[in-house]
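Everything on this sheet refers to the single structure shown next.
The values are calculated or read from the model by the stated rules, or taken from the named source; none is laboratory data. Computed from a prediction, not measured in an experiment: that's the story for all the values here. Here Cβ is always computed from backbone atoms with ideal geometry, including for glycine, and neighbour counts include all displayed protein chains. The area values use the complete protein model at the heavy-atom level, side chains included, leaving out ligands, DNA and RNA. Shrake-Rupley method; radii C 1.70, N 1.55, O 1.52, S 1.80 Å.
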Amino acid sequence: MRVPLSWLREFVDIDLSPEALAERLTLLGMEVKGVHRIGADWSSVVVGELLDVYAHPSSPRLSLTRVRTAEGERELEIVCGATNIEAGQRVPVALPGALLPGDRSIGVTRIAGIQSEGMLCSGAELGLTPDADGILILDSESPLGEPLGRLLGDTVLDVDVKPNRGDALSILGLAREVAAATGATVREPLIAVPESGDATDDHLSVTVQDVLRCPRFVARYLDGLTVGPSPTAVQVRLMAAGVRPVSNVVDASNYVMLELGKPVHTFDAAAVTEDRLIVRTARPGERLETLDHIERELSADTLVIADPVGPLAIAGVMGGASSEVREGTTQVIVESALFQPVTIRRTAQAYGLRSEASLRFERGQEPRMARLGADRAAQLIVRWAGGRAAMGAVDTDPVDPPATRLTFRPARIARLLGMSVSGDGMRDLLARAGIVTEPAAARSSVAIIAGERPIPLDPDAAAEALVAIVPGHRRDLAIEADIAEEVARIRGYDAVPSRLPDTSMPGYRPDPRLMVDRVRDLLSGRGLNEVVTYSLVSPQDHASLGHDAQDPATIRAANPVSGEHSELRRSLLPQLMRVLVDNERQRRPDLAVFEVGAVHALVDGHPKEARHLGILLAGAADPLSWDRPSRPVDIADAKGLLEWLVERVAGARLRWEPGPLHEALYHPGRSALAIAELESGHRVELGLVSELDPRYLTACEAQAERVVFARLDLDGLGRTVPAVQRVGDLERLPALERDIAVVVAETQPAGAVEAVMRAAGGPLLASVLLFDRYEGAPLGPGEMSLAYRLRFEPGTRTLDEDGIERAVASVVDALRERLGARLRG
Amino acid sequence: MDLEAFAARLSALRERALQAVRETADPSSLEQVEAAYLGRKGELRTLLGGIGGLPAEDRPRVGALANPIREDVERAIAQRRERLESIALEVRLAGERLDVTLPGRPLRRGSLHPLVETEREIARFFGRYGFVVYESPEVETDERNFEALNIPADHPARDLWDTIYLQPPDSEATGTPDDGRLLLRTHTSPGQIRAMHEMSPPLRVLTPGRCYRYEAVDASHGFEFFQVEGLMVDEGTSLAHLRGLLDEFAHAMFGAARATRFRPGYYPFTEPSVAFDIGCVSCEGSGCPACGRSGWMTILGAGMVHPVVLRNGGLDPERFQGLAFGMGVDRIAMLRYAINDLRVFLANDLRFLERF
């Protein structure tokens, strides 16, 4: 809400600088987002008097003027293109050297052969009114030579009014806030309608068919009007408040909306058939051309204001073109109604017609404003457009409801705020916000939750309770906690003590982030860069993972922000590829990144989140260096990372099995599932590593030839981590090692060789390390040699050579029997 | 041969041996020299083998003559060996000379993402006061994201959250789950409802996580962003405790001298509601474009949990009081690291990541 201070001062005295006022309002909860100065961008613009206006000798569209800006000073000759000027008027004169909005500088120029010493300014050129054609005609009392900034300059506060304070979407409402902050008194506007002649009833009848959605409708009738521009001062004020002046009648309704927060609408009474207004829901197929000249088909639940022929306006949202007040209109009906906020909100959203008026209806209206708004509008229309207002008003519910009485317990409020304020102190504070208080009755009850039955107080509590009599505009005050906020707000949040919690601590709970943070620390320490990517991805991203557009497990946005981000990711891979491609474009093709994040899918119709670790490696395996050849990454790099990580985090060993098969995504011969072998003997699939299929890389527009993706199921990993790790004492006895080289068929998976050795090696075989793999002479064709270092760790008893030899022998026997292996020479 | 002649030959042998030792250039020739003079078939042995030609009375004196000579030669050889070894080492080391100004063998730099690290720092701070991380899902129901938080449908406050809704699951295939319309949580606040149902007071939890809003992306908005929600519920939890915690937090994150401002705000799920500001990190309070010339920057919203929210969490609002706060991790990270455009966080440009 834009609040011109000149307007605010009509309702309350302000002794503060605009900045100080802005801070006080902000600290009261009315956040001032900006302080704008109108006229700050004018320099050397002063009040001048037109001494003469005569035709330009050569250009018929121009006038030549003689202007003086001070008694006795040299007169200026200024060429002007406007037609609304005449001698004797006072006008804004931009002197040579003047600056105008938009950094426009004014000098001495020649226009159509005649020298012009400065410029006469229009309202538009000064940013004061929308009128760009005519010169801004000033009040004839304006002092000659007065800088215009002193005369018409203003300061405008931009106040962010929160949704619960519809009452503060008005100059009057903010004046009340100023009063609450400073202790000043609010002056309500003097509303007196100059009525005469016959009664409004004689000209107008109103029928409300839907009282629930239109609880009150007030109408007034005026005639004998002359529609034209509003007085300059009114236009300037509206512009400052951010509303474009239209005509005196329309400006009057906007003025009332800004001043009182009450939207009012005016109809050309001549366009209302049978002088009857009917508030009803739209009928099927009804159409209305709205004020923006768009013909709209009305949906059946739209609340309209109609005459017997058809709709005239969408209630509370926008008027119709047929009954628009325009030049030549002489009689108007002023409508000032109350509409159900939800109705207006839905309707404005449905038609895409949210306006200053609909905004105020949505936030709720003070009932008495229905009548006051109509009266104030009538008063201003007569003042600015002449004519007369008919006697009285049509009012469908003329009795204002009684004030809400809200019981509160000062001790309870003090406990909530952690602040010591007495009941009397609270009464004083509330009084500054216009809230009268009194002791509660003996059998009181207190509202804790809006719309629910209040809690009865026992006699002792009731004796200390107070009742707040809530003014009609404070629709936000409904429960005891609202009074607590009001007390704190008026007292100042700054007065709330700053105290660290001294209440009881909760019991122990494990931190679910501990393992994830460990994974992150380890991987970043290993030289990987952590990334965070979007979790909304495109259908194409999912299609290339094999989840097509109909896949029932994919979770899709109903109103996606864009086609690129319309589905919740089922894998971290697509966005990691995006990271690769983006960095390749920055000439950073060597990549080792990871992300920890949620992936989503519907499982049995319910959304499920799983926490994944994704790793993407591309380009060189190691940073480019002068002392070693560059080596491209491959699947073994990712395997090594996962083996190391799982061992470090969970103490578990990974083994690899071929798979998963996925055409055009994973390399058919270079993908493996990661299987964890747990102490308990259980085997759990924890993830996968894969070199990505070249076709997938091409589809992603990646340049890299070889990209490795690894995925680890962190939820699964977490379940393998023992709550308490049992390590035991270190064996005193030295370990023994034996190297053996095994010759097997070249097609023999090494994983099986290792598995056989572990199974046959007995309990003392602590580790099996493959340290050489060889094919070629002197081995036969189709053969390979795998060399392993077996490490035996004796438990408590000394391991003799015989024992080791027996263990090795049983390993070798098992290899021979199970895999047809032989020892290499 | 008499003793004198023998002594002369010994002396000559000594001179020749010392000469030969001096002339050796490497350890192997030294060994040859050693063998030639002192070895089993060396000259000294050979000479001593000829003592049979001496008169019998002279023979016992041979030892006294020969031993010093042997010792002299042995000593010379040992010295020479030491010298040669040290020369050899010097030569080797000289040959191993490197350009020590060469750079080291490079390692990958590695980095942690600033958003996740900021989130961890926030959690670490509140962990000191007993807040434990409580994770809450990203896909939520309208009920928990809005209704339970006192934001009914058609409430004007809904304008504060532009929401991404989800397509309903295929009801025929799955049997309709009747838990309300699904959406992507617009804030971490539904975690409050879940935490209150799952645990009982005294309650102190922190819910970090990804949130979503239907927004156009610009320098200060994204449709995906990160929040941390804090909730503390107990009988005596008060607005004063909220202020105490937030003041400490601001000092921990932005410096012990950082000014703070506690002022009214508005959220449907808190009453009273709080907006919490810190002195502008850019101008230190004197007023600049970054803070709208106010000298203050809002870093989070907070308040006392609204009674209806406590009740929706299964707690008695007459007995319990709660404080809650929520902050944008992106915003905290931007202020801490002097970043003006939050799009950089999700762009994952290595040039940016490697600054952390």
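Between the helical axis of A:248-260 and the longest alpha-carbon principal axis of chain A there is an angle of about 60 degrees. Computed across chain B, the Kirkwood radius stands at 27.5 Å (inverse of mean 1/r, all Cα pairs). Converting phi to 3J(HN,Hα) with the Karplus coefficients 6.51, -1.76 and 1.60 and the offset θ = phi - 60°, segment B:42-49 yields x, 4, 5, 4, 4, 5, 5, x Hz in sequence order, with x at every glycine or proline. Positive-end ranking of B:86, B:49, B:29 along the dipole of segment B:3-95, with charges on Cβ about the Cα centre, is headed by B:49. If you take the square roots of the eigenvalues of the alpha-carbon gyration tensor of segment A:514-720 and sort them as a ≥ b ≥ c, do you get rounded (a/c under 1.5), prolate (a/b over b/c) or oblate? It comes out oblate by the Cα gyration axes. Each of B:115, A:537, A:128 was scored by the projection of its Cα onto the charge dipole of the protein assembly as shown, and the greatest displacement toward the positive side belongs to B:115; charges sit on the C-beta of Lys, Arg, Asp and Glu. On a per residue basis, segment A:1-96 carries 46 Å² of accessible surface, using protein heavy atoms and a 1.4 Å probe.
Legend: mean number of C-beta atoms from other chains within 10 angstrom of residue C-beta atoms, peptide A:627-636, equals 1. At q = 0.09 Å⁻¹, work out log10 I(q)/I(0) for segment B:1-151 with the Debye formula, treating every Cα as an identical point scatterer and leaving solvent out; two decimals please. At q = 0.09 Å⁻¹ the computed log10 ratios are -0.57.
Net charge within 12 Å of residue A:781 by Cβ-Cβ distance, Lys/Arg positive one each and Asp/Glu negative one each, not counting residue A:781 itself?
Once all neighbours under 12 Å are counted, the net charge is -3.
Using modelled amide H (1.01 Å from N, peptide plane; none on Pro or chain starts), what sits under 5 Å from the amide H of residue A:530, excluding residues fewer than 5 places away? It is A:594, B:111, B:112, B:113, by chain and number. For the pair segment A:704-769 and segment A:94-140, the centres of their Cα atoms are 87 angstrom apart. Computed from protein heavy atoms with a 1.4 Å probe, the total accessible area buried between A and B is close to 8700 Å².
What percent do you get for the relative contact order of chain B when only Cα pairs under 8 Å and 6+ apart count?
15 percent
Each 5 Å bin from zero up to the one holding the largest Cα-Cα distance in segment A:195-395 carries the following percent of pairs: 1, 8, 17, 21, 23, 17, 9, 3, 0, 0. Summed over the residues of segment B:114-353 and divided among them, the accessible surface reaches 33 Å² per residue at a probe radius of 1.4 Å. Placing +1 on the Cβ of every Lys and Arg and -1 on the Cβ of every Asp and Glu, with no other charges, gives chain A a dipole of roughly 1460 debye about its Cα centre.
Computed over chain B with a Gaussian network model linking Cα atoms closer than 10 Å, the most mobile of B:282, B:28, B:200 is B:28. Compared with the dominant principal axis of the Cα atoms in chain B, helix B:239-254 is inclined by about 40°. Less than 5 angstrom separates the built amide H of residue B:167 from those of A:556, A:557, A:558, all sequence-distant by 5 or more or on a different chain. Name the lysines eligible as straight-distance cross-link partners of residue A:33: C-alpha to C-alpha under 29 Å, and not fewer than 8 places from it in the same chain. Candidates past the 8-residue exclusion: A:162, A:262. Segment A:665-816: percent of C-alpha pairs farther apart than 26 Å? Of all Cα-Cα pairs in segment A:665-816, 48 percent lie more than 26 Å apart. Compute the helix-to-body angle for A:573-585: its Cα long axis versus the longest principal axis of chain A, expressed 0 to 90° and rounded to tens. Helix A:573-585 sits at roughly 80 degrees to that axis. Each Lys or Arg adds one and each Asp or Glu takes one away; over the other residues whose Cβ falls under 11 Å from the Cβ of residue A:422, this sums to -2. Over chain A, dividing the summed -39,500 (n - 2.57) contributions of all DSSP H runs of at least 4 residues by the number of residues returns a 222 nm mean residue ellipticity of -7500 deg cm²/dmol.
Less than 5 angstrom separates the built amide H of residue B:211 from those of B:225, B:226, B:227, all sequence-distant by 5 or more or on a different chain. Summing Cβ point charges (Lys, Arg +1; Asp, Glu -1) relative to the Cα centre of segment A:610-737 gives a dipole of roughly 180 debye.
Could you give the size of the charge dipole of segment B:114-353 about its Cα centre, using +1 on the Cβ of each K and R and -1 on the Cβ of each D and E, expressed in debye and rounded to the nearest 20?
Details: 22 positive and 33 negative charges, 207 e Å.
Rounded to the nearest 20 debye, it is 1000 debye.
Of A:748, A:774, A:761, which is farthest towards the positive pole of segment A:726-782's charge dipole, taken about the Cα centre with +1 and -1 on the beta-carbons of Lys, Arg and Asp, Glu respectively? Of the options given, the answer is A:761. Note on segment A:138-217: semi-axes of the ellipsoid equivalent to its C-alpha gyration tensor, largest first and rounded to whole Å, are 36, 26, 14. Other residues whose C-beta falls under 12 angstrom from the C-beta of residue A:543 contribute a net charge of -3, scoring Lys and Arg +1 and Asp and Glu -1. Here the Karplus curve 6.51 cos²θ - 1.76 cosθ + 1.60, taken at θ = phi - 60°, turns the phi angles of segment A:611-625 into couplings of 9, 10, 10, x, 10, 10, 10, 8, x, 6, 6, 10, x, 4, 9 Hz, with x standing for Gly and Pro. Here is the tail figure for segment B:296-356: Cα pairs spaced more than 18 Å apart come to 54 percent of all pairs. Obtain the radius of gyration and the Kirkwood radius of chain A from its C-alpha atoms and give Rg over Rh. Here the Rg-to-Rh quotient is 1.17. Helix-only arithmetic for chain B: the sum of -39500 (n - 2.57) across DSSP H runs with n ≥ 4, divided by the residue total, places the mean residue ellipticity at 222 nm at -12500 deg cm²/dmol. Rg/Rh for segment B:139-248 stands at 1.02; both radii use Cα atoms, and Rh follows the Kirkwood definition.
Taking the protein heavy atoms of segment B:22-141 in the context of the full set of protein chains, the accessible area attributed to carbon and sulfur is 52 percent at 1.4 Å. Pairwise Cα distances in segment A:85-236 exceed 18 Å for 76 percent of all pairs. Take every Cα pair under 8 Å whose residues are at least 6 apart in sequence, average their separation, divide by the length of segment B:172-269, and the relative contact order is 21 percent. Each DSSP beta bridge with both residues in chain A is either parallel or antiparallel, and the antiparallel ones are about 95%.
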